[in-house]
Amino acid sequence: MAEVRYEAASRIYPGSEEPAVNALDLHITDGELLVLVGPSGSGKSTALRMLAGLEYVDKGSIFINDVDVTLKPPQERDIAMVFQNYALYPSMTVGENMGFALKQAKVPKEERRKQVEEAARILDLTPYLDRKPKNLSGGQRQRVAMGRAIVRSPQVFLMDEPLSNLDAKLRVQTRTELADLQARLGTTMVYVTHDQVEAMTMGHRVAVLKDGILQQVDAPRTLYNEPKNRFVAGFIGSPAMNILDVERIDDKLKIGSLDVPLTPMLAHSVSVASTSDFAVGVRPEHLSFTDGGLVGEVVVVEALGSESFIHVRTLHQGGEQLLVVREDGQSAIQRGDQVAVTITGPVHVFGADGERLEA
Amino acid sequence: MSSKTGAVVGQNRPVSFLLGLVTWVIGLLFFFPIFWLVLNGFKDELDANSTPKLFFDPTLEQFTTVTESQAGVLSFGTAFTNSMVAVLVSTFFVMILAVPAAYSLAIRPVRKWRDVLFFFISTKFLPIVGVIMPLYILGQTLDLLNTRTILVVLYTGMNLPLAVWMLRSFFAEVPKELIEAAQIDGCKLFGQIRSVILPIVAPGLAATALLCVIFAWNEFFLAVQLNPQSASTIPQWVASQESGRGNFLAKISAASVLATIPVVIAGWVAQKRMIRGLAMGAIK
Amino acid sequence: MSQTVIDRSAEVKRLQRREGWKRRLPLLPALLFTIAVTQIPFLFTLFYSLTRWRIDTTDPREFIGFENYGSLIGDKFFRDAAWVSVQMTVASVLLSLIVGTGLALLLDRKFVGQGFVRTLLITPFLVMPVVAGFLWKSQMFNFTNGVLNWLIRQAGFEGTEFATKYPLASVIIVLVWQWSPFMMLIVLAGLQGQDASVLEAAKVDGATSWGTFRQITFPQLRPYLELGTLLGAIYLIQVYDHIEVITGGLSSSKNLPFYIAQRSVGGGNVFGLASAYSIVVVIASIIIANIGLRVLSGLLEDDS
């Protein structure tokens with residue numbers, strides 16, 4: 001049980017100009033499942049490894065339960081980590097793998113056996129205790145990696161893309177088991193993934209990183225509804241939010257002939273802004289097909305059964321835009337149809353710097 | 001042990017069979033000289049020195065002659081012990097030195113690891129015949145001539161570069177995350193080597209040790225130059241069977257057979273492990 | 001938060017330096033030992049190479065600078081021995097590689113007694129060089145009683161004195177006989193690492209055996225072949241025992257180590273000159289190996 005704090009923590013690899021992690025400020029509360037998410041190269045794994053002690057911290061500090069662990073070696077931090085490739089010791093059995101850290105801590109044999117068996121029970125690994133990793137399936141190995149972490153009852157769990165190597169179905173199943181397990185154990189968990197669906201479904205809060213810089217950290221719903229900038233808006237949500245180029249005419253924003261519906265506050269912000277450089281974001285579920293909207297042609301229909309995503313190519317004086325529109329259930333629309341698209345939901349306006357204007 | 005598993009549809013049975021036969025023939029031909037050597041060991045000198053015979057009256061006379069201790073002559077027993085000691089002790093030291101060195105060069109390597117490897121290998125470019133004089137003088141000064149110690153030291157130095165080279169590439173096969181996991185689990189250097197690395201590289205270790213044993217056991221020049229008398233090894237014992245008078249073909253054959261048996265047995269037993277060890281990552 | 005951010009770079013540097021030493025430390029015993037055992041004699045040899053030193057006279061050893069190296073250039077025997085070294089090493093390495101690869105390919109299949117045949121095939125490598133030389137000289141090559149000549153005469157031809165008429169070839173034959181198994185083991189290891197699915201794909205695409213070998217197997221074997229070449233060359237350059245036993249040092253089979261030995265402990269007694277020869281051999285080897293390893297081969301590639 002512990003709270004974790006990154007205070008302006010940076011990691012700069014020798015010889016490179018840009019920091020891999022740039023002044024990260026993050027406060028993770030006790031018992032929280034915090035997800036670090038971002039594209040490749042965003043620094044999320046590096047940030048995790050800084051917490052683990054596998055990377056140096058060049059600036060700032062990292063605290064676990066108010067103890068400054070910034071430059072302490074991994075052995076002294078009381079953390080457990082699950083690696084993407086599980087890193088199971090091939091020459092040891094499942095039981096020995098799970099008990100290894102306890103053995104290093106000189107826990108007596110009986111005690112060790114008890115803890116290993118308990119962890120195995122929680123993860124349904126009891127029948128496999130005497131097998132070697134090479135005789136296990138991918139899903140079983142993943143659970144052994146989890147078991148190895150649980151047995152130690154650490155202050156913090158660190159997960160580095162633990163589900164990436166599982167097939168899609170198993171991934172979804174394990175996702176919920178993992179979240180459930182964390183809730184039951186109540187141990188603080190820092191979880192790294194590049195999959196934003198995983199992030200949104202598992203995290204109590206999600207921290208979005210890009211190029212080493214923290215973009216936003218919030219509960220999933222807040223991230224979805226109130227993305228701080230263009231990047232977060234486009235990253236969170238699947239399919240991605242439609243981001244459109246707009247023209248500012250007088251104090252209105254237009255896409256072709258369509259007026260962008262603005263709340264009073266947004267309209268005010270637009271009118272007092274000095275630039276005309278704006279982008280507008282609309283989620284697929286906030287677009288629909290009604291007459292009088294932006295005209296375009298359907299290029300792709302993704303029929304998922306419970307919903308459909310229709311990709312429309314619209315043409316107007318401003319240029320060409322590709323929009324994704326969501327329809328409930330099974331759509332009658334087909335590829336090649338001519339349609340008109342209107343905005344029927346909240347709109348996000350981004351300034352020239354990418355920041356979202358207050359709505 | 002082959003990379004081709006099972007039968008494939010349409011595999012050409014007659015060609016396959018023929019190839020198998022060819023392999024057998026080549027194998028037998030390759031082995032033939034050794035077979036002949038063993039055969040000659042069981043002949044008396046008359047038979048051995050006449051036109052090649054496959055059938056003869058076998059005798060153990062040669063074997064008994066060479067193994068009997070004679071005054072003033074290096075005995076089989078002494079030579080065998082000397083060889084065993086020199087080979088086993090030097091191989092042991094080679095491993096003790098090479099394992100940590102391989103760790104340094106493979107797991108989170110020092111920056112100049114390539115240069116270090118090259119240095120190790122380059123020590124083998126120096127012709128032994130060229131340094132024999134300094135070695136002799138040093139040996140004399142340190143009063144180490146005619147001892148097993150000097151051979152142990154030199155054999156270790158001789159095999160160490162090879163062992164470092166091979167072990168490094170085996171160690172490099174160990175995934176970095178395994179080491180990190182071991183660190184997080186609380187292991188320091190020694191623990192990492194013992195619990196994680198060694199079990200993984202064990203076949204590679206065996207392959208390397210076997211090669212060291214082979215090269216050390218068969219080494220002749222240094223043994224002759226530095227240990228002309230009491231601490232001489234098996235290779236020299238074989239050479240000393242050459243007597244000035246009469247025929248000695250059968251005698252040396254018998255001696256050769258005896259001298260070769262230990263290494264041959266080791267090689268036969270360990271060959272599978274050797275191949276597995278080499279396949280594991282002698283190449284990187 | 002207006003507090004200044006803690007700059008850890010000094011601490012990090014310190015930790016990295018300490019880490020650096022922790023990494024270097026395990027290397028030191030092996031490194032120091034090797035330096036002591038090899039470099040000290042080497043320095044002695046270097047020193048001797050700058051002196052005139054004859055064992056057979058009572059003249060004191062005198063310093064003569066680079067004079068030995070000067071005489072080396074004019075020494076025809078040195079050049080001949082160097083040429084023999086080149087021929088012997090290149091021929092035995094190449095032939096062993098070819099034969100070894102062929103053997104490995106033959107062995108890399110399932111057939112009755114595969115393990116037994118493999119055992120037969122590796123035995124020549126395990127035999128002592130002096131024994132190998134002896135058995136070939138007196139039992140295979142021998143003019144009167146050798147098996148080879150016996151076979152030749154059975155076929156109706158005249159026998160030959162292999163060791164005296166073809167000394168270099170005789171030595172090479174024995175070297176190849178001994179070292180092919182070593183190459184075979186290395187190549188077998190390489191073949192084991194082949195991806196079965198790639199081979200199957202090739203079959204489906206209609207590749208012939210030779211085509212599959214040339215375009216898929218061979219490139220994959222390259223690092224193994226390079227390793228075999230490196231290790232083989234290192235040992236085959238130093239060949240001495242074989243020559244001593246088989247030809248006694250007939251000049252067309254006299255390589256550099258043998259020549260050097262002859263000029264020093266073997267009766268030439270000119271230790272200063274012999275030392276200079278050794279130094280030249282070392283330097284040449286280092287240059288060649290450097291070119292080979294760094295430019296041509298991927299053996300020292302960083303895998304991280």
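A short reminder: the numbers here are calculations on the coordinates, not readings from a lab. Note that this is a predicted model, so its numbers are computed, not measured. Heads up, the Cβs are rebuilt from the backbone with ideal geometry, glycines too, and the neighbour counts pull from every protein chain shown.
Observations
- Principal axis extents of the Cα atoms in the protein assembly as shown, from largest to smallest and rounded to whole angstrom, are 119, 68, 66.
- Longest segment of chain C lacking trypsin sites (Lys or Arg not before Pro) that sit in a DSSP loop with at most 15 other Cβ atoms within 10 Å: C:111-304
- Each of the peptides A:10-17, C:239-246 was scored by the mean count of other Cβ atoms within 10 Å over its residues; in descending order, highest first, they stand as C:239-246, A:10-17.
- Cα convex hull of chain A - mean projected area over all directions, nm²: 21.7
- Those chymotrypsin sites (Phe, Trp or Tyr not before Pro) in segment C:116-159 that DSSP places in a loop and that have at most 10 other beta carbons within 10 Å: C:Phe157
- Residue order, fewest to most beta carbons within 10 Å, for B:Phe190, B:Phe30: B:Phe190, B:Phe30
- FRET efficiency, C:Ile287 to C:Phe63 (Cβ-Cβ, R0 22 Å, nearest 0.05): 0.25
- Efficiency of FRET from Cβ geometry, C:Thr144 and A:His27, R₀ 60 Å, rounded to 0.05: 0.05
- Site pair C:Ile35 and A:Glu355 shows an inter-label distance of 5.9 nm when each label is modelled 7 Å from Cα along Cα→Cβ.
- The mean number of partner chain beta-carbon atoms within 10 angstrom of a residue's beta-carbon across peptide C:100-112 is 4.
- Across all C-alpha atoms in segment C:149-190, the radius of gyration and Dmax reach 14.9, 43 Å.
- Gain on full stretching of the segment that runs from C:Gln16 to C:Arg294 - 0.36 nm per residue minus C-alpha separation: 97.2 nm
- Segment A:323-359: GluC sites (Glu not before Pro) falling in loop per DSSP and having at most 13 other Cβ within 10 Å: A:Glu358
- Average beta-carbon neighbours from other chains, 10 Å sphere, peptide B:184-195: 6
- Exposure proxy shown here: for A:Arg77, B:Arg168, the number of other Cβ atoms within 10 Å sets the order, fewest to most, as A:Arg77, B:Arg168.
- Neighbour counts of C-beta atoms inside 10 Å place B:Leu167, C:Leu50, B:Leu54 in the sequence B:Leu54, C:Leu50, B:Leu167, starting with the fewest.
- Cβ neighbours within 10 Å from other chains - mean over B:31-40: 5
- Computed FRET value (nearest 0.05) for A:Ser16 with B:Leu142, which takes r as the C-beta separation and R₀ as 60 Å: 0.70
- Highest average first, the peptides A:282-290, C:33-41 ordered by how many other beta carbon atoms sit within 10 Å of their residues are A:282-290, C:33-41.
- Of the trypsin sites (Lys or Arg not before Pro) in segment A:103-202, those whose Cβ has at most 12 other Cβ within 10 Å and which sit in DSSP loop: A:Lys106
- Only Cα pairs under 8 Å and 6+ residues apart enter the sum, and on that basis the relative contact order of chain A stands at 16 percent.
- The label-point distance for C:Phe116 and B:Ile96, in a model that sets each label 7 Å from Cα toward Cβ, rounds to 4.3 nm.
- Counted over the protein assembly as shown, the DSSP beta bridges are approximately 75% antiparallel.
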